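Encoded as structure tokens, the structure appears first; notes follow it.
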Amino acid sequence: MKFYNDHSRALQKQFDSLRLADQLERTRKHTRLTCEDRAIVEGAAFFFLATADAQGRPDCSIKGGNPGFVSCPEDGFITFGNYDGNGMFRSLGNIRSNPWVGLLFVTFDDDPKKLRINGRASFEHANATKPTEITVTVAIENIFPNCPRYLPDLRTAGQSVYNPAPGHSPPDPFWKSKPDLEPFLPRIETRE
């Protein structure tokens, strides 16, 4: 799979960035997680997940949890659990239709970083009795750091009270008590 498509290449040529783009591909793009990549991924409290349906229409969502909710079980793979959501299953539905995904990890500490990871996602759900029993696995196609210069200066003060954790029962989110949605909540308990 080519790193740049023909339209990217045409724009690089038009704006004289072909040499730079080639150098970035040669020196920054990689296919295996480095120690620094692993630290960013496994230390993440959130990441952005881009998916697309079978027709290529994109969708993007944020996935969050306590640091460690995303893991790198072996070189070339990332996994994360499916947490209690709003029941639309847009990301998982898109993955079933089109496995290509993009993940963006961002840190806001003293040395901010952005890390892009693209790959093919999959999950099994045949034996799941609850959505939270689903684990998504991403087979990494390419990894590349992204310049953090436009990141705002943010510092995280704490984790969300909704993050699943052993011995912790997260409260129900406010949206579940809205009168127009409450009667339609799944009858299956989705939280651990």
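No value in this document is a laboratory result; all are computed from the given coordinates. Everything quoted here is computed from the prediction, not taken from an experiment. Cβ placement follows ideal geometry from the backbone for every residue including glycine, while neighbour counts extend to all protein chains displayed.
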_Taking N as its residue count, the alpha carbon Rg of region 1-88 over 2.2 N^0.38 Å_ = 1.40
*Which ³J(HN,Hα) values, rounded to whole Hz and listed in residue order, are derived for region 80-90 from phi using the Karplus coefficients 6.51, -1.76 and 1.60 in 6.51 cos²θ - 1.76 cosθ + 1.60 with θ = phi - 60°, glycine and proline given as x?*
8, x, 8, 9, 3, x, 8, x, 7, 6, 5
*Sites Leu185 and Ala157 - FRET efficiency at Förster radius 35 Å, r taken between beta-carbons, to 0.05*: 0.70
*Rounded to 10°, Cα long-axis angle of helix 18-27 versus longest principal axis of the chain*: 60 degrees
*Expressed as a whole number of Å, what is the distance separating the alpha-carbon centroids of region 69-121 and region 37-54?*
4 Å
*Taking neighbour counts of Cβ atoms within 10 Å as a proxy for exposure, in what order, fewest first, do Cys35, Cys60, Cys72 appear?*
Cys35, Cys60, Cys72
*Select from Gly68, Ala52, Ala10 the residue farthest towards the positive end of the dipole of the chain; place +1 on Cβ of Lys and Arg, -1 on Cβ of Asp and Glu, and compute about the Cα centre.*
Ala10
*By its C-alpha gyration tensor, with a ≥ b ≥ c as the square roots of the eigenvalues, how is region 104-146 shaped: rounded for a/c under 1.5, else prolate for a/b larger than b/c, else oblate?*
oblate
*Under a 10 Å cutoff between Cα atoms, tell me which one of Pro112, Pro179, Pro131 has the largest fluctuation in the Gaussian network model of the chain.*
Pro179
*asked:* At a 10 Å Cβ-Cβ cut-off, how would you order Ile134, Ile78, fewest neighbours first?
replied: Ile134, Ile78
*Can you flag which of Lys2/Lys113; Lys63/Lys176; Lys29/Lys63; Lys63/Lys113; Lys63/Lys114; Lys2/Lys29 are past 22 Å Cα-Cα?*
Lys2/Lys113; Lys29/Lys63
*Give the shape of the chain as rounded, prolate or oblate, defined through the alpha-carbon gyration tensor: a ≥ b ≥ c are the square roots of its eigenvalues, a/c under 1.5 means rounded, and otherwise the shape is prolate if a/b is larger than b/c and oblate if not.*
prolate
*Cα gyration tensor, region 86-180 - rounded (a/c under 1.5), prolate or oblate*: oblate
*asked:* Using Cα springs under 10 Å in a Gaussian network model of the chain, which residue among Ala39, Ala54, Ala157 shows the largest mean-square fluctuation?
replied: Ala157
*asked:* Just want the ordering: Tyr4, Tyr150, from fewest to most Cβ atoms lying within 10 Å of their own Cβ.
replied: Tyr150, Tyr4
*asked:* Test of understanding: in a Gaussian network model of the chain with alpha carbons linked when under 10 Å, which of Asn127, Asn86, Asn142 would top the mean-square fluctuation ranking?
replied: Asn127
_Net charge of Cβ neighbours under 14 Å - reference Ala21; Lys, Arg +1; Asp, Glu -1_ = +3
